[in-house]
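A quick write-up on the structure given underneath.
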Amino acid sequence: MMAVYEMYHQDVQDFCVFFDALATDFSGSADPLQKEIVVVFKEYADKLYCYYTRKCSVRKTKDGKSVETYQITGLLQLLVFEYCRMIKEHTVIKICSNCGRYFIPDKRNDAIYCSTPSPQNPTKSCKEIGAKIKRNEERRTDPLKIEKNRNLTKYRMAVKRAEESEFRSPSEIKKRKARLEEELRKYENEEDIFNGKSTD
């Protein structure tokens, strides 16, 4: 009994290592070791691709439906089978950039957020609020983003003050607002601040 349990435990561990490596690789965040694991796994899976993407045997159920059956004897074989079917169906398994859960993208394989409720707000999915959470986090921690956000706020406030001024004529307010909005647009489109380049 202990020997069987140890074999099962090892099988589960192997499955988890390969599964996690595949998910991080598809997500673009695999470390060098995970990349090596994925290479080994894909080499093995490629040999079985033809076998696992065609019908192995077909049996009829009681209600007359046809069911494809495959001979799978372990968890790693099951993972290879699922991987081959995913490649055939052009789907991937990924890790959500917000909550860290595994997910299969609904529509686009380049999605980075899942559709399940987010930990921060269970009424909204990670897909709905993940980008905003990441942006807010960067604004608090990235010096370049902090500076960009500060300057954007400054320009926006200047536009608002121009609108609310009581001492200027409507045409003067309109010209000042247009000039400030133009400056704001230029600043918003400026890429150098993200790359750490000097704008002097």
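The values are calculated or read from the model by the stated rules, or taken from the named source; none is laboratory data. In this text, all values refer to a predicted model and were calculated from it rather than measured experimentally. Note that each Cβ is placed from the backbone with ideal geometry, even for glycine, and that neighbours are counted across all protein chains shown. For the accessible areas, the whole protein counts, side chains as well, though only heavy atoms, and no ligand, DNA or RNA atoms are used. Shrake-Rupley method; radii C 1.70, N 1.55, O 1.52, S 1.80 Å.
What to note about this one:
- Residue in region 139-155 that is within 21 Å of the chain's Cα centre (by Cα), part of a helix (DSSP H, G or I), within 30 Å of Ile104 (Cβ to Cβ) and free of Cβ contacts under 8 Å to residues at least 60 places away in the same chain present: no
- Selection status of Lys160, under 12 Å from the mean Cα position of the chain (by Cα), open to solvent by 40 Å² or more (accessible area, probe 1.4 Å), among the charged types (D, E, K, R) and more than 30 Å from Cys50 (Cβ to Cβ): no
- Residues being open to solvent by less than 50 Å² (accessible area, probe 1.4 Å), at pLDDT 70 or above and in a loop (DSSP other than H, G, I, E, B) - total across region 58-91: 3
- Once region 108-138 is narrowed to residues that are of a type in the set (Lys, Arg) and over 19 Å from Thr24 (Cα atoms), the residue that is farthest from the chain's Cα centre (by Cα) is Lys124.
- Residue check, Phe18 open to solvent by less than 80 Å² (accessible area, probe 1.4 Å), more than 18 Å from Gly74 (Cα to Cα) and within 21 Å of the chain's Cα centre (by Cα): no
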